[in-house]
Amino acid sequence: MDVNLAQRMQFSSKWIESDKFYRKYPTCSLSLTSKLKAKQKLPVLVSAHFQSKRNKNGHKSVSLKAFCSYKHSASVLESGSSSASSDESLILKNKSQEVGPCINGRCIYLVGMMGSGKTTVGKILSQVLGYSFCDCDSLVEQEVDGTSVAEIFKLYGEGFFRNKETEALKKLSMMHRLVVSTGGGAVIRPINWKYMHKGISVWLDVPLEALAQRIAAVGTNSRPLLHHESGDEYTKALRRLSTLLEERGEYYANANARVSLENIAAKLGYRDVSSITPTAIAIEVELRLDRARDPLDG
Ligand SMILES: Nc1ncnc2c1ncn2[C@@H]1O[C@H](COP(=O)(O)OP(=O)(O)OP(=O)(O)O)[C@@H](O)[C@H]1O
Ligand SMILES: O=C(O)C1=C[C@@H](O)[C@@H](O)[C@H](O)C1
């Protein structure tokens, strides 16, 4: 939805600069044409009433009414509504066009705990950036004749898996234009960081309760470090994940950037991180890549 007039928008009872709109509300679409902006010389007051609703598919629908008042008369400039999910896709696409040249073909390594969304978000990112996607766990499985990670742990032990993981990261570090979903434990070996620092690493920091919920929904069988615990799926996952995070927190912090779901939820005004779509997380990753570009230049 376009609202083609405003220097400043009145939004939720406070004034915000229109150019700050996207930063504050990245899932909303508001476009101001520069031609109209340049023409706009009258001392008009523009205010917008914004409403957001969630439809039955869980997609957020936003409606915006823009009012313009000038010399005691007021009129509705434009109104309409649109789905936040399509807005998110558009924002993601636009941001990719800005970020693409800055990252200049370097690989992006997504790190984070099991279930943090590295694969889900990584696939979305690779598509918009025109990169290929690679799941490091799958690469290890291929190297071991298609044996699943769970079977590799069972047959050969964790040490063997970690060596294969390091070999896989070494191979990937020689490549370009890849978004890599790393294994949850890849961060624990310093040598793996040597490889990952050839590209840009981003930590997807998801609260433990959300991780445990996601993992419990699909079961812990394919995750060898979790399924030895007793109890229901959620409790097992939560208990083991909290120990792992305590051991690993400082390693994840080696990443060039951190994307915290709690921070995104606060920014978008959500009470719960489960309302954040993978596309909104991908947008945040791109914002971080954009900010990380200066120290990474050269
Ligand atoms: N933003 C999200 N909201 C809700 N569910 C999500 C979100 N992102 C991912 N999921 C779900 O969480 C589960 C784990 O996601 P995903 O496989 O992407 O994580 P991962 O970090 O790659 O995990 P692993 O390291 O164990 O392979 C999947 O079932 C996925 O559908
Ligand atoms: O957190 C971990 O240590 C792991 C996460 C998975 O991605 C797999 O790499 C394996 O199950 C180990």
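The values are calculated or read from the model by the stated rules, or taken from the named source; none is laboratory data. The shown structure was predicted, so the numbers you read here are calculated from the model rather than taken from an experiment. Neighbour counts run over all protein chains shown; Cβ positions are idealised from the backbone, glycine included.
So Gly146 passes all but one of these: (1) within 14 Å of ligand 1 (Cβ to nearest atom); (2) on the phi > 0 side of the Ramachandran plot; (3) at pLDDT 95 or above. Which condition number does it fail?
Of everything listed in (1) within 14 Å of ligand 1 (Cβ to nearest atom); (2) on the phi > 0 side of the Ramachandran plot; (3) at pLDDT 95 or above, Gly146 misses just condition (1).
Condition first: surrounded by fewer than 16 Cβ atoms within 10 Å (Cβ to Cβ), closer than 29 Å to Met174 by Cα and more than 14 Å from ligand 1 (Cβ to nearest atom). Can you find one or more residues in region 252-264 that meet it?
Scanning region 252-264, I find at least one residue that is surrounded by fewer than 16 Cβ atoms within 10 Å (Cβ to Cβ), closer than 29 Å to Met174 by Cα and more than 14 Å from ligand 1 (Cβ to nearest atom), so the answer is yes.
Given the conditions (1) outside any helix (DSSP H, G or I); (2) loosely packed, with under 14 Cβ neighbours inside 10 Å, which single one is not true for Gly249?
(1)
Restricting attention to region 110-132, which residues are crowded, with 18+ Cβ neighbours inside 10 Å, within 12 Å of ligand 1 (Cβ to nearest atom) and either at pLDDT below 95 or not polar (S, T, N, Q) (or both)?
Selection gives Leu110, Val111, Gly112, Met113, Met114, Gly115, Gly117, Lys118, Val121, Gly122, Ile124, Leu125.
Name the single residue, out of those in region 210-232 being away from ligand 2 (no atom under 15 Å from the Cβ) and modelled with pLDDT under 95, that is surrounded by the fewest Cβ atoms within 10 Å (Cβ to Cβ).
At the first step, the residues of region 210-232 found to be away from ligand 2 (no atom under 15 Å from the Cβ) are 210, 213, 216-217, 230-232.
So of that shortlist, the ones also modelled with pLDDT under 95 come out as 213, 216-217, 230-232.
Working: Gln213: 17, Ala216: 18, Ala217: 11, Ser230: 7, Gly231: 10, Asp232: 9.
Across region 210-232, the extreme among qualifying residues is Ser230.
So, in region 188-202, exactly how many residues are in a helix (DSSP H, G or I) and within 20 Å of Ser132 (Cα to Cα)? It would help to see each step written out before you state the result.
Step one: of region 188-202, the residues in a helix (DSSP H, G or I) are 188, 190-196.
Checking which are within 20 Å of Ser132 (Cα to Cα) leaves us with 195-196.
Qualifying residue count, region 188-202: 2.
Which residues, taken from region 106-159, are without any contact (Cβ under 8 Å) to a residue 24 or more places away in the chain and touching a helix residue (DSSP H, G or I) at 6+ places or on another chain (Cβ under 7 Å)?
Correct list: Glu141, Val144, Thr147, Ile152.
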